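Novice: Dumping the structure here so I can ask a few things about it.
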Amino acid sequence: MANFAHDHVVPYQDSELEKKQQVANMFDSIAGRYDFMNRFLSAGIDVKWRKKAINLLKPLQPQNVLDVATGTGDVAIMTARMLQPKKITGIDISEGMLEIGREKIVKQGLSAIIDLQKGDSETINFPDNSFDAITVAFGVRNFQNLEKGLKEMLRVLKPGGKLVVLEFSRPKEPVFKTLYNIYMNLIAPGVGKMLAKNKEAYQYLNDSVQAFPEREQLVSIMQGLGYRDTSYKTLTLGICCIYCGSK
């Protein structure tokens, strides 16, 4: 498996833990504030991004969906409402995030449809060809080994199934790029320190976005692993991208 720069970007520079465990600890520490911080830092645009990604699965009408790096279950809940599949399984390495997600699912009466489990994206505990569709929102940056995670998702997709990835990217337009870099380098970590009591988490957000193989490069990686009909689409002046690939 190839290694990429973002594979080695970690939240806590002085920690001897591997990236995977650092990421789990980081999300455990901010779980209670995670949803609020998403809405606050993105001014609510992240909700529209998620809906655009899920809409791409409508023609497929998937009945069994896997949401990788499900976090607090936002995409799983939206998928249940928008696509009405029979079953959605969400996996995440952070038990703290999953606890928040389970509470939300119970409150919304979706426990019969959505099941959140602790699970590793690089060792998915399901047989080959298990799911009609897979979603990942803002999670592939956190994989300890990007290719391993992408390959595992391909393994558990059914033939004809589709992967939809939503991930941050770097704007290209010069003026907006400058403003974006100021925001990500200074404002987001500062707000993270003040409101989430964790500056490292939001500094890691910027560092991992800057190192992540995006756009054509990520599509090329997916193609090399065996995904077909790959594509990407930029959102909001390039702050975010939706990537798609089929089995």
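Novice: Go ahead and set up a Gaussian network model of the chain, Cα springs under 10 Å, then flag whichever of ASP67, ASP28, ASP14 fluctuates most.
Specialist: ASP14
Novice: Please compare each pair in LYS87/LYS107; LYS19/LYS86; LYS51/LYS151; LYS20/LYS104 to a cut-off of 28 Å on the Cα-Cα distance and tell me which ones are over it.
Specialist: Beyond 28 Å between Cα atoms: LYS19/LYS86.
Novice: Plugging the Kirkwood radius over Cα pairs into Stokes-Einstein for region 95-192, at a temperature of 37 °C and a viscosity of 0.692 mPa s, what D comes out in µm²/s?
Specialist: 201
Novice: Seen from all sides and averaged, what is the projected area of the convex hull of the Cα atoms in region 55-112, in nm²?
Specialist: Orientation-averaged projected area of the Cα hull: 3.6 nm².
Novice: Looking at the chain, what % of the alpha carbon pairs are farther apart than 23 Å?
Specialist: The calculated P(r) of the chain puts 47 percent of pairs beyond 23 Å.
Novice: Relative to 2.2 N^0.38 Å, what does the C-alpha radius of gyration of region 1-147 come to as a ratio? Two decimals please.
Specialist: The value comes to 1.04.
Novice: Okay, next question. Counting DSSP beta bridges with both partners in the chain, what percentage is antiparallel, nearest 5?
Specialist: 40
Throughout, read-outs are computed from the coordinates displayed, never taken from laboratory work. These numbers were taken from a predicted model, which means no experiment stands behind them.
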